[in-house]
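The values are calculated or read from the model by the stated rules, or taken from the named source; none is laboratory data. Worth saying up front: this structure is predicted, and the values here are computed from it rather than measured. Positions of Cβ are backbone-derived with ideal geometry, glycine not excepted, and every protein chain shown enters the neighbour counts.
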Amino acid sequence: MKQNIHDVLIVGGGLVGASLACALEGRGLDVVLVESEPARPPMIADTDARSLGLAAASLNALAALGVWRHLANLPAPIRRIHVSRRGDFGTVLLRADEYGREAFGGVVAAPALGAALQARLRELRGLHHRVGAKLVALRESDDRREAEIAHGDAVEAIAARLVIGADGTQSAVRQAVGIDASTHDYAQHLFAGSVRATRPADGQAWERFTDSGPVALLPRAGGDYGCICTVATADAARVAALDGGGFIAELQTRFGWRAGRFVAVGRRSAHPLRQLVAQRIVAPRVVLMGNAAQTLHPVGAQGFNLGLRDALTLAELLREVRGGDIGQAGVLDEYARRRAEDRAQTLRFSDGLARLTSNPAMPLRLLRSVGLGALASSSGLRARFAGGAMGFRGRVPDLARDETVVLENER
Ligand SMILES: Cc1cc2nc3c(=O)[nH]c(=O)nc-3n(C[C@H](O)[C@H](O)[C@H](O)COP(=O)(O)OP(=O)(O)OC[C@H]3O[C@@H](n4cnc5c(N)ncnc54)[C@H](O)[C@@H]3O)c2cc1C
């Protein structure tokens, strides 16, 4: 019997895989999306207390992809970013209006973004969407990849011209094609949640570095903040055991009083922090993207923003391949070429910030003070930092360029 060969098999229906499926709509491609979780993937389930900082470029893209209209609350704008370090004097205030922008980006609750993407997936015509379907094997043959997908005890064979590994840090696709990855354990845990302060959120994000890692507040719709509090792994069990009052006291000590007094805290989720960088992002008929290609320290709020640009770039490139084989080596090499600059710069930025800002050694302290001072005084450096925060790094995908977005309280 003749086997049906699909154009694209996306493995992983997290934020990045789901975004890619949306971006491929209307391209005349036959797409299969497989997700191993039977219900909503864990990174975006209701137990996830994270608030995601989305760059302006990502907001543009999510609007263009039709995800936007499924958000119950529009993202809260980030108009200013205040950067400081506990124990150092210098502070930096970046203002979007200095760059002719309304906002650097916006903030959305991770489960809300996950739900909006799932709602958009249900609208896509022609998408073969399998949940509770796990990739267990992937073989190479001349003109296709052959995947084995397990649904409980049953195994389905799926063939595709191109397979996308959007299956997260432990990527089965990456392992199946033998791409090595370097890893680094930051020996930190991050607690994410929401807090209310006596100074309500008004469009300002705060990033504060301390010896045991960054603490940050992101403005949320309605005046609360999304908060992150990083602690050394050795201290994580103690912080996890704190009740609401104990967590507020911890956060107040670490963050200080710039946002006033913290008065209430919501549900929290805990996340161990590791970096993973795949040595290559393509293999014959395979592309890696999102956390499968690079898992970043969340300090600069870059991971999903970068993964979304991976997805947009591939969708844009596949649109250019008219009638040819979308899995051919030339297409994959071009994908790797287009992603190289953004990927390298974003990795350098996130890792550099994570390591530099949480190391108490004296030479690094001096370097940090000099760095904050340079950021405060150099408009060129601030502009580069602001460009990165807005997601305009390297070659910007077309879908990320349109400025069609409306943020919370502009409705
Ligand atoms: C604490 C924290 C805060 C963050 N804050 C921000 C932020 O503010 N801004 C930002 O841009 N980024 C942020 N990030 C990063 C962001 O969460 C990730 O970059 C993003 O979730 C990566 O999405 P992904 O789809 O690539 O991977 P994942 O979310 O890991 O999704 C992978 C999916 O693949 C599925 N899967 C795995 N194996 C298989 C298989 N064999 N077969 C089928 N399916 C499989 C999994 O079930 C999962 O659903 C943060 C991360 C953390 C930890």
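For residue 285, state whether it is over 27 Å from residue 175 (Cβ atoms) and basic (Lys, Arg). Reasoning before the result, please.
Details: over 27 Å from residue 175 (Cβ atoms): no; basic (Lys, Arg): yes.
It is false that residue 285 is over 27 Å from residue 175 (Cβ atoms) and basic (Lys, Arg).
Could you count how many residues in segment 131-161 are of a type outside the set (S, T, N, Q), within 26 Å of residue 325 (Cα to Cα) and more than 23 Å from the chain's Cα centre (by Cα)?
19
What about residue 157, is it more than 11 Å from the ligand (Cβ to nearest atom), in a strand (DSSP E or B), surrounded by fewer than 23 Cβ atoms within 10 Å (Cβ to Cβ) and at pLDDT 95 or above?
Details: more than 11 Å from the ligand (Cβ to nearest atom): yes; in a strand (DSSP E or B): yes; surrounded by fewer than 23 Cβ atoms within 10 Å (Cβ to Cβ): yes; at pLDDT 95 or above: yes.
So residue 157 fits the description; yes.
Among residues belonging to segment 301-334 that are of a type in the set (S, T, N, Q) and in a helix (DSSP H, G or I), point out the one that is nearest to the ligand (Cβ to nearest atom). Steps first, please.
Here is the first cut: in segment 301-334, the ones of a type in the set (S, T, N, Q) are 302, 305, 313, 328.
Next, from what is left, pick out any that are in a helix (DSSP H, G or I): 305, 313.
On the way: 305: 4, 313: 14 Å.
Among residues in segment 301-334 that are of a type in the set (S, T, N, Q) and in a helix (DSSP H, G or I), the one nearest to the ligand (Cβ to nearest atom) is 305.
Please work out which residue is surrounded by the fewest Cβ atoms within 10 Å (Cβ to Cβ), limiting yourself to segment 125-144 and to residues that are at pLDDT 95 or above and away from the ligand (no atom under 14 Å from the Cβ).
139
What is the residue count in segment 265-300 for residues that are assigned to a strand (DSSP E or B), surrounded by fewer than 20 Cβ atoms within 10 Å (Cβ to Cβ) and modelled with pLDDT under 95?
Of the residues in segment 265-300, 5 are assigned to a strand (DSSP E or B), surrounded by fewer than 20 Cβ atoms within 10 Å (Cβ to Cβ) and modelled with pLDDT under 95.
Within segment 55-75, can one find any residue that is among the aliphatic types (A, V, I, L, M), surrounded by fewer than 18 Cβ atoms within 10 Å (Cβ to Cβ), in the same structural domain as residue 327 (by TED's automatic domain parsing) and in a strand (DSSP E or B)?
Scanning segment 55-75 turns up no residue that is among the aliphatic types (A, V, I, L, M), surrounded by fewer than 18 Cβ atoms within 10 Å (Cβ to Cβ), in the same structural domain as residue 327 (by TED's automatic domain parsing) and in a strand (DSSP E or B).
Anything in segment 354-364 that is at pLDDT below 75 and surrounded by 19 or more Cβ atoms within 10 Å (Cβ to Cβ)? List them, or say none.
Listed by number, the residues that qualify are 357, 358.
May I ask you to say which residue of 317, 288 is free of Cβ contacts under 8 Å to residues at least 24 places away in the same chain, within 22 Å of the chain's Cα centre (by Cα) and under 30 Å from residue 141 (Cβ atoms)? Spell out how you get there, then give the answer.
Details: 288 fails: free of Cβ contacts under 8 Å to residues at least 24 places away in the same chain.
The conditions single out 317.
Residue 99 versus (1) outside the structural domain of residue 305 (by TED's automatic domain parsing); (2) at pLDDT 90 or above: which is the lone unmet condition?
(2)
Can you name the helices (runs of 4 or more DSSP H) wholly within segment 162-262 that have at least 2 residues being away from the ligand (no atom under 13 Å from the Cβ)? Break it down into steps so the answer makes sense when it comes.
On the way: elements: 172-176, 233-240, 244-255.
Ranges flagged: 233-240, 244-255.
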